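Have a look at the structure below, then the notes.
The values are calculated or read from the model by the stated rules, or taken from the named source; none is laboratory data. Please read all numbers here as calculations on a predicted model, not as lab measurements. All Cβ positions, glycine included, derive from the backbone under ideal geometry; neighbour counts span all protein chains shown. These accessible areas exclude ligands, DNA and RNA; they are computed on the full protein's heavy atoms, side chains included. Shrake-Rupley method; radii C 1.70, N 1.55, O 1.52, S 1.80 Å.
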Amino acid sequence: MTVRSARAIAHSNIALVKYWGKREGADPALNLPAVGSLSLTLDQLRSETEIHANAHDRFELDGVALDGKPAAKVFEHLDLMWRTSGTLSARPPCFVRSVNHLPTAAGLASSASGFAALTVAAAGAFGLASSLGDAGDPTRTRLAALARQGSGSAARSLWGGYVRLDAGSDPSGSDCIARPLHGRDHWGLKLLVVHTARGAKSVSSTGGMESSRLTSPYYPAWVASSLADLDAAERALAGRELAALGEVMEHSCFKMHACMFATRPPLIYWNGTTLEVVRAVFQARERGLVGYVTSDAGPHVKVLCEAAVADALAAELAALPGVHEVQAVAPGPDAHLELL
Ligand code: DP6
C-alpha cells in the first residue's frame, strides 16, 4: 500500500476534571490512564498536520526540522498507525509537517492537539479513513483510542465541545473509551487562558505523573476520588450549572496539584503569578464577576466563565503584574480529516 497525502486539524482541549497518572500494571504501550477525565475542546488553539510520502522520514514542526526524541515519538506513532492498517510490509517513509496554532509550548496541551492531528492524518494517509463523520461516527472512537497511545489527553481532541474519557479496567484497554458529551453549542462558555510565563516547562507530564504515582502519599486518594468528580462534573455540565461545575473543576485541579506538591522531589508547576491570578479570580467572584480556575502541568491559569463576563474578567486579569497575555477562547470543533 502507498501513502496518500492527508491533512488533519485537531483542536487542543483543557481538562475540567484532570487526568494525572497511568494505570498500574498495564502495558505501557497502551498508555492507559489511572483516572478518567472530562474536557472542553478549544477554538483557535489547534494543530494542523500533513503527511506525505517521502524518500526518508522527516518531521517538521512550525517550519523547523526536528530529530531526536520528538521525532522518534512521532514516527513510533506512525508505526502504530501503520500496523493498525493491517499492512504487513514495513511502513514507507513519510514527511510529517505540523503547525501548532498555540500561543506557547508551555503547559498549553500541544501534545493533545498534536497527537490527535497526527493520528487523524495518519488514518487518512494509511487508508484507515477517508473522512470523519459527525460526532457519532464510530471511526472517531477508534481513532481516539489510538491517539491516547500517543498521549492520554489527545484522545479527547477527536471531538469538539465537551468530552469524557473513561479510565476503564479491562487489561486490553477496550473500555478506556472517549465519548462526546455535548457539542460546542451546548453552552456559551469562554475559557480565559492567562499566560503567566514564557518558555517551556521543565518536567514533562508523562515523567511527572509516573513520579507522583511512585512517591506521592496523596496519589491513592487522588485516584480513589476521581470518579465522583467526573460524575458530578458531567451532571453539572448537562444542567449548565456553572457554580457546580466550577466547584468540582477547581477541586480536581487543586487536588491534582496537591498530589504533585507531595511528589518526591516535588512537582511545582506554578510560579508566583499563578497564585496571584487564582486569588484575583476568587476575589472577582466575591464581587459577582464569576469565573473558576484550573491549571495543568505549567504555570498558566485557565478561567472558565460565562461569555457575558469574559471581557470584563479578562481585562482585570490582564492588568495583574506578571500576566503576559489573556486570551479568550470559545468551545472548539471536532477534529477534521482531508485527503489531498
Ligand atoms: C495535567 O496527556 O500530556 O494536562 O499521556 O503521558 O502524554 P501523556 O500525558 P498528557 O497529560 C495531561 C495531563 C494534564 C491533565 C489533563 O489534560 O487531563
Q) Residues L88, L45, L78: which one is among the aliphatic types (A, V, I, L, M), more than 21 Å from S204 (Cβ to Cβ) and either in a strand (DSSP E or B) or away from the ligand (no atom under 16 Å from the Cβ) (or both)? A) L88
**Q.** Within segment 176-196, considering residues that are basic (K, R) and part of a strand (DSSP E or B), the one least open to solvent (accessible area, probe 1.4 Å)
**A.** K190
(Q) If I go through segment 1-29 residue by residue, how many of them are within 15 Å of the ligand (Cβ to nearest atom) and within 20 Å of R91 (Cα to Cα)? (A) 1
Q. List, please: which pairs have Cβ atoms under 6 Å, are six or more places apart or on different chains, and start with a residue in segment 18-39 that is farther than 27 Å from V293 by Cα and aliphatic (A, V, I, L, M) and end with one that is more than 10 Å from the ligand (Cβ to nearest atom) and not in a helix (DSSP H, G or I)?
A. L30/G173
Q | Residue in segment 127-175 that is farthest from the ligand (Cβ to nearest atom), counting only those that are open to solvent by 40 Å² or more (accessible area, probe 1.4 Å), part of a helix (DSSP H, G or I) and without any contact (Cβ under 8 Å) to a residue 40 or more places away in the chain | A | P138
Q. Among the strands (runs of 3 or more DSSP E) confined wholly to segment 245-340, which include 3 or more residues that are open to solvent by less than 50 Å² (accessible area, probe 1.4 Å) and over 30 Å from A8 (Cα atoms)?
A. 291-294
Q | Those residues of segment 224-238 which are open to solvent by less than 50 Å² (accessible area, probe 1.4 Å) and free of Cβ contacts under 8 Å to residues at least 24 places away in the same chain, in sequence order | A | A232, A236
Q.
Can you pull out every residue in segment 197-218 that is open to solvent by less than 40 Å² (accessible area, probe 1.4 Å) and within 30 Å of L313 (Cα to Cα)?
A. A197, S205
Q. Which of (1) surrounded by fewer than 23 Cβ atoms within 10 Å (Cβ to Cβ); (2) of a type in the set (D, E, K, R); (3) more than 30 Å from L339 (Cβ to Cβ) does R4 not meet, given it meets every other one?
A. (3)
